[in-house]
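Visitor: For reference, the structure I am asking about is given below.
The values are calculated or read from the model by the stated rules, or taken from the named source; none is laboratory data. Quantities reported herein were computed from a predicted structural model and do not represent experimental measurements. So basically every Cβ, Gly included, is an ideal-geometry build from the backbone, and we count neighbours across all protein chains shown. Just so you know, the surface numbers come from the protein's heavy atoms only, side chains and all, with ligands and any DNA or RNA stripped out. Shrake-Rupley method; radii C 1.70, N 1.55, O 1.52, S 1.80 Å.
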Amino acid sequence: MSHHSLLAACVVAALLSFVLSSPVCAEPIEADLVLAGGTIVDGTGIPGYVGSVAVRDGVIVAVGQFETQGAPKTIDCAGKLICPGFIDLHNHSDRAVLKDATRRGDCYLTQGCTTMVTGNCGSGPVDTGKYYDQLDADGVGVNIAHLLPQGSLRSQVVGNARRPATDEELAEMQRLAAQAMRDGVWGMSTGLIYVPSSYADTDELVAIASVVGQHGGIYASHMRNESNHLLESVQEVIEIGKRAHLPVHISHFKASKRKNWGTLRLAADLVQQAQSQGLTITADQYPYIASSTSIMAMLIPDEEREGGNAATAKRMQDPKEAERLRPAVAKALGERDRILISSSKKHPDWVGKFIREVAADEEREPIDVAMEILLDSGAQGVNFAMTETDVRYAMKLPWVATASDGSSKVDNGTRPHPRSYGTFPRKIGRYAHREGEISVEHAVRSSSGLPADILGMEDRGYLREGLAADIVVLDLDTLLDNATFDKPFETSSGVEWVFLSGNAAIADGDLQTELHGKPLRHKSTESQAAAAP
């Protein structure tokens with residue numbers, strides 16, 4: 001499926017699937033696995049229907065009503081949902097999947113995820129061939145699709161200096177982008193609030209994105225601003241899509257800070273206007289009112305973070321430099337009044353507390369606590385800056401996928417955002433099934449077929465003959481996110497079976513020890529037909 005016809009093709013596919021719902025196969029099917037008698041929610045968004053799914057040699061060979069030959073392994077799915085494996089479009093497990101403790105991705109398998117997209121927010125491995133080869137060699141528990149991280153690319157070629165790239169440096173970034181596309185990345189990501197990603201202007205981004213588009217990739221962006229300048233940031237994404245001739249995607253679509261609540265609808269209007277003009281533009285969201293990133297990125301303007309967080313923290317040890325930055329930090333702290341310290345090596349006793357809570361406990365001013373925590377360059381925070389109204393609005397949009405913005409984790413005593421453990425069951429089990437905010441079919445589509453379409457991934461995302469047998473079996477009545485901001489490492493419930501290419505990663509609710517994931521290499525098209533301008 002070409003990207004530029006994504007939305008129209010999805011509608012056609014959904015209608016055809018509806019007409020052919022619960023198909024009957026006349027000839028007996030040869031299969032080695034049958035998921036029998038469940039409610040099939042196939043990723044298109046059409047109403048679920050009772051049927052079965054047959055798998056042979058890791059591929060789906062029948063969906064609906066059919067007879068089988070021989071005696072395949074049969075799993076009774078009566079009363080359960082049979083869905084495509086979920087695809088997490090926005091994940092930060094680049095390092096985690098290379099470590100023994102987290103390479104299996106337990107906290108994602110237990111959500112029903114079978115594929116994670118790494119390289120997001122402009123950060124991650126630039127040498128995709130090496131990264132994929134290491135995953136092949138060491139094994140991985142979930143499938144991995146990678147994006148070229150523009151910030152890491154710029155760091156490698158230009159460094160962390162706040163300056164334009166030279167012509168030679170730009171040519172080198174374009175060369176490396178073309179190589180990454182040939183090595184199998186699915187597009188390029190940016191993190192335009194982070195150093196040095198933010199030091200690239202629009203022209204530089206267009207120049208690199210054009211190469212990505214020529215190879216059939218997408219442009220996914222953590223935009224320059226998601227609060228006071230949200231609309232201008234959306235317009236930049238649209239401009240890049242039009243000028244570089246490629247599909248564009250907005251990561252974690254939201255409006256931060258109280259004074260901006262409601263502007264998400266205006267941002268959505270801009271997206272839909274661009275869609276009506278022929279641009280393929282989509283977004284994703286995590287279903288929470290809090291975000292999470294480094295406290296440095298929350299409180300220090302990007303122009304003051306030249307050299308990166310560690311260099312900035314070192315400069316702030318100079319009292320004069322700290323005093324110079326103090327007004328900017330105070331302003332940011334005032335706009336983000338609920339910042340939870342989720343990790344800090346220098347202040348482990350502050351972990352799990354809000355900055356203002358620490359200040360009250362120690363009888364200090366919040367700005368003084370903030371200035372001190374900024375000296376820990378690796379300190380992470382959770383920022384409660386969104387409104388539930390916007391979260392619920394975004395999840396109803398047909399072009400907004402579900403994505404966690406988390407990473408594969410194990411309990412290490414910190415207090416991270418619970419999204420790494422609960423995003424997908426929260427969307428499907430809580431918002432759809434229990435609260436009826438959206439339909440279960442819509443929620444499943446946003447987690448499977450839609451992200452596959454956004455990536456241009458043609459062999460996954462749907463329950464359809466000929467596609468890879470990445471499948472999840474759910475018990476809707478028990479499907480729930482159990483992780484909270486107080487207890488973020490609680491495993492989700494309700495996911496009973498997870499298959500990757502027909503191999504069970506979760507069997508009857510139990511995680512299996514084998515690693516069944518693999519790197520998914522995009523096939524470069526090396527053409528300029530990726531999207532309409």
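Visitor: Working only within the range 330-346, note down all residues that are of a type outside the set (Ser, Thr, Tyr) and open to solvent by less than 30 Å² (accessible area, probe 1.4 Å). I'd like the intermediate steps shown before the answer.
Guide: Start the filter on the range 330-346 by keeping residues that are of a type outside the set (Ser, Thr, Tyr), which leaves 330-341, 345-346.
Answer for the range 330-346, where residues must be of a type outside the set (Ser, Thr, Tyr) and open to solvent by less than 30 Å² (accessible area, probe 1.4 Å): Ala332, Leu333, Ile339, Leu340, Ile341.
Visitor: From the residues in the range 132-153 that are open to solvent by 10 Å² or more (accessible area, probe 1.4 Å) and either of a type outside the set (A, V, I, L, M) or closer than 17 Å to Gly217 by Cα (or both), which one is nearest to the chain's Cα centre (by Cα)? Write out each step before concluding.
Guide: To start, the set of residues in the range 132-153 that are open to solvent by 10 Å² or more (accessible area, probe 1.4 Å) comprises 133-134, 136-139, 152.
When the remaining residues are screened for being either of a type outside the set (A, V, I, L, M) or closer than 17 Å to Gly217 by Cα (or both), the result is 133-134, 136, 138-139, 152.
Working: Asp133: 22, Gln134: 22, Asp136: 22, Asp138: 23, Gly139: 21, Ser152: 18 Å.
Taking the candidates together, the pick is Ser152.
Visitor: Still on this structure, please answer the following. Checking the structure you have, find out if any residue of the range 166-176 is basic (Lys, Arg), surrounded by fewer than 21 Cβ atoms within 10 Å (Cβ to Cβ) and not in a helix (DSSP H, G or I).
Guide: As a first pass, look at the range 166-176 and keep what is basic (Lys, Arg): 175.
From what is left, the residues that are surrounded by fewer than 21 Cβ atoms within 10 Å (Cβ to Cβ) are 175.
This time we only want the ones that are not in a helix (DSSP H, G or I), so: none.
Within the range 166-176 (the criterion being basic (Lys, Arg), surrounded by fewer than 21 Cβ atoms within 10 Å (Cβ to Cβ) and not in a helix (DSSP H, G or I)), the answer is no, since none of the residues qualifies.
Visitor: Okay, next question. Please find, among Val495, Val444, Val472, the residue that is open to solvent by 10 Å² or more (accessible area, probe 1.4 Å) and under 26 Å from His417 (Cβ atoms). Quick ask: steps written out before the conclusion?
Guide: Working: Val444 fails: open to solvent by 10 Å² or more (accessible area, probe 1.4 Å); Val472 fails: open to solvent by 10 Å² or more (accessible area, probe 1.4 Å).
None of the other options fit; the residue is Val495.
Visitor: Kindly indicate the residue of the range 279-297 that is open to solvent by 10 Å² or more (accessible area, probe 1.4 Å) and in contact with a Leu (Cβ under 9 Å, 6 or more places away or on another chain) and also modelled with the highest pLDDT among those meeting that condition.
Guide: Thr280
Visitor: Looking at (1) closer than 26 Å to Met188 by Cα; (2) of a type outside the set (A, V, I, L, M, F, W, C); (3) open to solvent by less than 10 Å² (accessible area, probe 1.4 Å); (4) over 15 Å from the mean Cα position of the chain (by Cα), can you tell me which one Pro398 breaks?
Guide: (3)
Visitor: Does the range 413-420 contain at least one residue that is under 17 Å from Ala443 (Cα atoms) and either open to solvent by 60 Å² or more (accessible area, probe 1.4 Å) or touching a strand residue (DSSP E or B) at 6+ places or on another chain (Cβ under 8 Å) (or both)?
Guide: Taking the range 413-420 as the starting set, the residues that turn out to be under 17 Å from Ala443 (Cα atoms) are 419.
Keeping just the survivors that are either open to solvent by 60 Å² or more (accessible area, probe 1.4 Å) or touching a strand residue (DSSP E or B) at 6+ places or on another chain (Cβ under 8 Å) (or both) gives 419.
The answer is yes, given that some residue of the range 413-420 is under 17 Å from Ala443 (Cα atoms) and either open to solvent by 60 Å² or more (accessible area, probe 1.4 Å) or touching a strand residue (DSSP E or B) at 6+ places or on another chain (Cβ under 8 Å) (or both).
Visitor: Let me ask something additional. Write out, first by first residue and then by second, each pair whose Cβ atoms fall under 7 Å of each other, whose residues are 6+ apart or on separate chains, and whose first residue, in the range 94-123, is open to solvent by less than 10 Å² (accessible area, probe 1.4 Å) while the second is of a type in the set (Val, Ile, Thr) and in a helix (DSSP H, G or I).
Guide: Listed by first residue and then by second, the contacts come to Gly105/Val97; Gln111/Thr423.
Visitor: Have a look at Ala244, Ala220, Ala274, Ala207 and point out the one that is among the small types (Gly, Ala, Ser) and in contact with a Phe, Trp or Tyr (Cβ under 8 Å, 6 or more places away or on another chain).
Guide: Working: Ala220 fails: in contact with a Phe, Trp or Tyr (Cβ under 8 Å, 6 or more places away or on another chain); Ala274 fails: in contact with a Phe, Trp or Tyr (Cβ under 8 Å, 6 or more places away or on another chain); Ala207 fails: in contact with a Phe, Trp or Tyr (Cβ under 8 Å, 6 or more places away or on another chain).
Testing whether each residue is among the small types (Gly, Ala, Ser) and in contact with a Phe, Trp or Tyr (Cβ under 8 Å, 6 or more places away or on another chain) leaves just Ala244.
Visitor: Same structure again: When the residues of the range 35-51 are narrowed to those that are surrounded by fewer than 24 Cβ atoms within 10 Å (Cβ to Cβ) and among the hydroxyl-bearing types (Ser, Thr, Tyr), which ends up nearest to the chain's Cα centre (by Cα)?
Guide: It comes out as Thr39.
Visitor: Determine whether the range 332-347 contains at least one residue that is in a helix (DSSP H, G or I), under 11 Å from Ile295 (Cβ atoms) and among the aliphatic types (A, V, I, L, M). Before you say what the answer is, go through the steps one by one.
Guide: We begin by selecting, within the range 332-347, every residue in a helix (DSSP H, G or I); these are 332-335.
If we keep only those that are under 11 Å from Ile295 (Cβ atoms) as well, we get 332-333.
Remaining after also requiring among the aliphatic types (A, V, I, L, M): 332-333.
Yes; the residues of the range 332-347 include at least one that is in a helix (DSSP H, G or I), under 11 Å from Ile295 (Cβ atoms) and among the aliphatic types (A, V, I, L, M).
Visitor: When the range 240-267 is examined, which residues are found to be surrounded by fewer than 19 Cβ atoms within 10 Å (Cβ to Cβ) and under 14 Å from Val400 (Cα atoms)?
Guide: Once the filter is applied, which keeps residues that are surrounded by fewer than 19 Cβ atoms within 10 Å (Cβ to Cβ) and under 14 Å from Val400 (Cα atoms), the range 240-267 yields only Arg265.
Visitor: Show the residue pairs meeting these rules: Cβ distance below 7 Å; 6+ apart or different chains; first residue within the range 296-313 and on the phi > 0 side of the Ramachandran plot; second residue among the basic types (Lys, Arg) and outside any loop (DSSP other than H, G, I, E, B).
Guide: Taking only residues 6 or more apart or on different chains, not a single pair turns up.
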